[in-house]
Structure formats: C-alpha cells, structure tokens
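A quick write-up on the structure given underneath.
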Amino acid sequence: MSAPIRILMCSPDHYDVDYVINPWMEGNIHKSSRDRAAEQWDKLHFILKDLAAVDLVKPQLGVPDMVFTANAGLVLGNNVVLSRFYHKERQGEEPFFKAWFEQQGYTVFELPKDLPFEGAGDALLDREGRWLWAGYGFRSELDSHPYLAKWLDIEVLSLRLMDDRFYHLDTCFCPLADGYLLYYPPAFDAYSNRLIEMRVPEAKRIAVAETDAVNFACNAVNVDRTIVMNQASDDLKQRLANVGFEIIETPLTEFLKAGGAAKCLTLRVTEPVQAEVHAAATVESRVIQLQGHLLDSGIVNRALDLIIEGGGSFQVLNFNLGEQRQSTSSAEVKVTAPSRDVMEAIMSQLIEMGAVALPQEVSDCTLEIAPKAGVAPDDFYVTTIYPTEILVKNQWVRVQNQRMDGAIVVSETPNGLTARCSLLRDLAEGDRVVVGTIGIRTVRKPESRNPQPTQEFSFMGAGVSSERRVELVVEQIAWELRKIRDQGGKVVVTAGPVVIHTGGGEHLSHLIREGYVQALLGGNAIAVHDIEQSMMGTSLGMDMKRGVSVRGGHRHHLKAINTVRRYGSIAEAVHQGVITGGIFYECVQKNIPFSLAGSIRDDGPLPDTQMDLIQAQSDYARLIEGADMILMLSSMLHSIGVGNMTPAGVKMVCVDINPAVVTKLSDRGSVESVGVVTDVGLFLSLLIQQLSRLTSRYEAAVVR
Ligand code: ARG
C-alpha cells in the first residue's frame, strides 16, 4: 500500500455565521448552533479517522470560516499554492494556514496580490492525478490558473461556474476514484460542460439532480471506494452503489448554513505527483487597446461585461482618462480566456466594438487556405459591418466590399496586396483567408458621447409628443433626401406590398418621379400589387379609393401577373402602354434599376422576379453599392437581407408598424440607423409633404 492519506481539518470552536459572502449565509447570521456544529463535526472527524490520518490546525478567533480547510490552499506533492481569499472576511485566515504549511515543510507559493484563488475549494485533482480541474467565476480568478499550472506542473482545465449557490467548484463537482465524476451540470456554462464531457466518458459521469445538489451531495470526501457526504437521495445512492461506491451519510446541516459541507471541512494534504504528467495551460491571454469616449459612451463597461459574459476575465492594465469633455480616453486591458476557442469568440466581439488586439509584438494576421470551393478554414474571421483593416507584411490593408458575415480573402495583385470580403459560397479552393483575431482591426468613427446606439420614434402609440417627434424625424429624412439628390448621391428603397395596401404607392411613385430614388429592391408581391392597382384600381382585390372589396377582386392580382407574363417583362408592358402609372411605371420611365427577389410563396411569378436566390442576393448587393441612404419600407425579409449586405456608414431608415421589426433592423449597433414605428402609407405622405415644403422654400430662395 502507498503512503497513508492525510486530511487537514479545523475544529469548529469559533465557528459561526458572522457575515454573508454566499447565498447560503443569507438569513442565517448567528442561526447555527455551536453545540450541534461541534457534534456534527466530531462525527465527520470520527468517520474520516477511519479512512485516513487527520491533521488538525488550531482554530482562531475572529475567522469563523477557518473550519473550511478546503480553502486553505491547494496541495500537490510537496508544493502548495496558498489561497488568496476574494472576500476580506476570510483573508485573515491566510497567515494561519501559511504557518501550518510551512511548519509541515511544504514549499508555499503565493499568488500576486489582488489575484484571488480559494484553494482546494476551487481546484480539484482528478483522482487518477491526470490533471487539475479549476473553477472560476465567483471566488477564484481565471488568471490564477496559469500560476497553478506552472507551480504544480500539471495540466489545468478551467471550468466556469454560473450559479451563485455553487460558488466554489467543490460545491457541485467531485472527482471520484477510478475516473468517476459526481457533479451538477447546470452549475457550469456550456463550454465547461463540453470540456467535462470530452474528458470524462459518459459511463463515468454521475450527474446529480438539483435536490441532491442543494443538499451538497457533490461536496463529498472520497477515499478509495468510500464517499462521505451530508445526504444523498435513494436514487443517487443506488447509482453510486451500482458502480461500486459505498456512501456514508453524516448530517452537516449546521455547516450548510455557511455554504459548506463534508468536502469543505477537509483538505487532502497528501496528493501524490504523477511522474508522467506535466503542465499544460490552455488558458490564453491577450492585451487589447480601446480608444474613444470610453466612459461617456459606455464602451469600457460594455467591453468588460462582454469579456465576463463570454467566459473570460480581465485586468485593466492602464487607463488614461481624457480630461476634458471632448478629449478621448484610452485603455489597455488584459483579456484571459480558458481556451483558444473562447478567446477567439471574445476577441471577435471586442474587435467589433473597435478594440485592437495588441499582440505581444505587432504581428501580421494569420492566413489559411480555403480547403475547398465555398468552404472557409475552420477558424475564419467573420466580418462585421464596420470598415476593417488587416495587418499584412507590417502594413494595415483596408478590406474591400465590406459587409457582415463574410470571410476576408487576401490576394497578391500587380498593384500589391488586396483584401476583400467574400461570402462563403464565393470562396475558391486555395483562397487565402484570414483566420483568428490577431492583426485585425475595425475602424470606428469615434463613438459619440451619447451612448444610445439607435433612435426610435413611435408614431402610432398614444401621446401627442411622439407625433411631434415623428414629424421631426421625417423633417430630417426629407432634408437628407433632398441633400443627397442635389449632390448626385444614391438612395436605395426596399419596399414591401404594405406600401401599396396602405396607400403609399402614389407617394413612392412621386419620390421616384422626382429623382429621390436611385434603386428599388423588393419581392414579387410589391410589383404585383402595384401593377394590379395601376391596371385595376385594386390592391389584392380591395378598391383602393373606396376601401371595399370588389366582386371577384381576389383574382385581380393573378390577372395582373398574367398580363405582364404575356408581355414578357414589366418594362415591356410599360412600353406597350399596358401599365400607365405606379411605382414600377416610374422606375421604367426614369430608368431606375430594380430587383425583385422571389420566395416560396410567390404567385406567378412575374417574369422580372428572380427565383434564383443566389442571383437575387448578388443583384441586391450590386444595387446597394455606393448607397448613401437606404429607406426600408415595411418589408422585414428584404430589409434584413439588405441590412446584412450593407457596410457601416450607410444611413438606414427603417419604417414599420411593428416595433419588433424596427428594433431588429435598427439594432445593428450602428449609429447610422433610425427606426420609425408607424404606418408606412402615412410616413410616405408626410415625407412628400415635407419634401414639397422644403422644395418650395428652396426654390423661393434660388429665385430670389
Ligand atoms: N462560508 C464559507 C465561504 O463562503 C464557506 C466555504 C465553503 N468551502 C468550500 N470549499 N466550498 O467562503
């Protein structure tokens, strides 16, 4: 037999619930009975003495949680990493534990100040000694894990705790003999669960239900085939018995009031070192730089929240606060993540926020070859709407055709290096594609000091003031349309059939006739209803003037389709004098290009409707190139499609009666979008009114 197992305990002479540092302690201040605690502790001590040698550390006044020796430190072989408690309430225990370890001849490692780590409460050795499971999220900082790997020379697997009832790893996770694992999966995030499942085969994973978890069944002491715990359900006992474990239950309810049980009350101080096991830390760190109105715009908060929510942790290395209202600030933040994947996910979001990853020394972006046509390398960088630059051969190169959800392809041309956004399906085998997040930056206009990313205006909602606000937005939009037209700019309209149903057809026609629209995007329906209205005065069979259904009117739209099909195209039907007014009439007359993207529900379709959706997507993309403004009029599908292809910097105006649609469209984190919740027919009529007012004022000024 190998050397005897030794366990460290601390008798509860001064134990009490004195403060609240975890949810179990809430409402339990001074509610535990010292006598009962002593009795329960004695029983546990008695049971364990049978299984191992128990060492005792002297309890101290003023540090009531010292009974939880699991939090003294983490031992492996002759080395111990001393705990640095997160809460000041427990920091007073540190010198006593340190003294005990030193007396026993351990080599004591101490973490940098302000880097919390709570010992074997948050770090559990695989019972075969193959690796160390380390928790973070509440008490221990992820940044402490690389130190554990280095000092103890062991692989560290970082697990993120998500439920504050299970604030220490040992409250919900217990590696057992023979590679078994007793644990409560919902206490961990998805990534950690995947990691656990990768390391522990299904047959060896014993997941407990919440009832057992809250009875601290996972907070167990395991010696060979014996498991000592507070309490287990019959079902759990049976499952453990089935795989050869014997359970000893011993009530520890007095300690539960402080958020601890069997395992917390012990520290295994003999942990043999496996000779063939060595350090490997999967934890990664990067330094990012942020610049701008960091405080006023709320960027720092968002960036730091994003790091935590993404499963990482951070350290602010420096922060230069802009002193004047108008001066910008800059910050360098060290980001740590438990693995490469998590790091990449966090980094791409940070880059989207405008952060620049500072590699140890500035280094080029990484390129990998597309493995086959239409397929990017696994780790490809997914583009955003923001202007992007990549570092190649020490030069920042601007990416062309910026759009979101693409990959970046780098190619060598006679004029030097170029980079462009490419859709996955357009990748050719052998294309060189940017992967990872190093050497990539998005160029953001300095965010305004006003943190509100989008504006929304509600029109139909009650309240007089909001009407005035919509009038104000319409005034602004009219002004902008006017300016773009006069400067020879480009306005693209995407429109749904609701434009016709709400009586907006004549207004949109007017906009086109007056030169305010340079391209029109829609689907089959808007054209069908527009043409039906122009030919028969109805929209889906409704008389547009009288607002009543016309007899047999439900066939009108099919007649319209049939007519256009006979002439071969909308343009031809216009030229032949069959269509004599309406949106598409104006487009044909003014030579305004339009694209109609088909869908599964289309009647007909019209000969102009593009049923090859890949082709339709590229037609749309071509037509929005160089747009200054996109007016999205009540067409969720086509507008989202357009939004996906539009780079930042293009002003988008989304009008819909459904606030959810407006939010969805304007919420691209881009400052340039304006949402207007209103009836689109009404919106267009207001817009026309505003424009004519502007025009008359303008013309009056010119004449004078
Ligand atoms: N009241 C103690 C705390 O919140 C309980 C510690 C329990 N220990 C443990 N290893 N889970 O720190």
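Ratio of Rg to Rh for the range 495-611: 0.93 [Cα atoms; Kirkwood radius as inverse mean 1/r over pairs].
Taking only the C-alpha atoms of the chain, the Rg (one decimal) and the largest Cα-Cα distance, Dmax (whole number), read 33.8, 107 Å.
For the range 291-361, the fraction of C-alpha pairs farther apart than 19 angstrom is 31 percent. When the listed pairs LYS49/LYS237; LYS559/LYS590; LYS98/LYS334; LYS204/LYS257; LYS49/LYS257; LYS43/LYS263 are checked against a 19 Å cut-off, the alpha-carbon distance exceeds it for LYS49/LYS237; LYS559/LYS590; LYS98/LYS334; LYS204/LYS257; LYS49/LYS257. Among the protein heavy atoms, those of TRP396 account for about 90 Å² of accessible surface (1.4 Å probe, every chain in place). For the range 72-184, the C-alpha radius of gyration sits at 1.01 times the compact-globule guess of 2.2 N^0.38 Å, with N the residue count. Of the Cα atoms belonging to the range 554-704, the radius of gyration and Dmax stand at 17.9, 56 Å.
If R0 is 30 Å, what FRET efficiency do you get for ARG194 and VAL382 from their C-beta distance, rounded to 0.05? Once rounded, the FRET efficiency stands at 0.90. Provide, for q = 0.15, 0.19 Å⁻¹, the log10 of I(q)/I(0) from a solvent-free Debye sum over equal Cα point scatterers in the range 1-127. Scattering profile of the range 1-127, log10 relative to I(0): -0.76, -1.19. Counting only heavy atoms of the protein chains and using a 1.4 Å probe, SER549 has close to 90 Å² of accessible surface. Rounded to two decimals, the Cα radius of gyration of the range 333-435 over 2.2 N^0.38 Å is 1.06. Shown here: the range 474-557, whose C-alpha atoms stretch 48, 23, 16 Å along the first, second and third principal axes, sorted largest to smallest. Close amide H contacts of LEU56 (hydrogens built in the peptide plane, cut-off under 5 Å, sequence separation of 5 or more or a different chain): MET9.
For MET535, the accessible surface of its heavy atoms amounts to roughly 60 Å² (probe 1.4 Å, protein chains only, rounded to the nearest 10). Kindly point out which whole DSSP H helices in the chain project their C-alpha atoms 24 angstrom or further along the helix axis while averaging a Kyte-Doolittle hydropathy of -0.5 or above. The answer, listed by residue number, is 464-486, 680-703. Protection proxy ranking for 551-563, 683-695, using the average of other Cβ atoms within 10 Å per residue and placing the highest first: 683-695, 551-563.
The values are calculated or read from the model by the stated rules, or taken from the named source; none is laboratory data. For clarity, every value in this text was computed on a predicted model and none was experimentally measured. Because the Cβ atoms are built from the backbone with ideal geometry, glycine has one as well, and the counts that use them run over all protein chains shown. Surface accessibility is based on the protein's heavy atoms, side chains included, excluding ligands, DNA and RNA. Shrake-Rupley method; radii C 1.70, N 1.55, O 1.52, S 1.80 Å.
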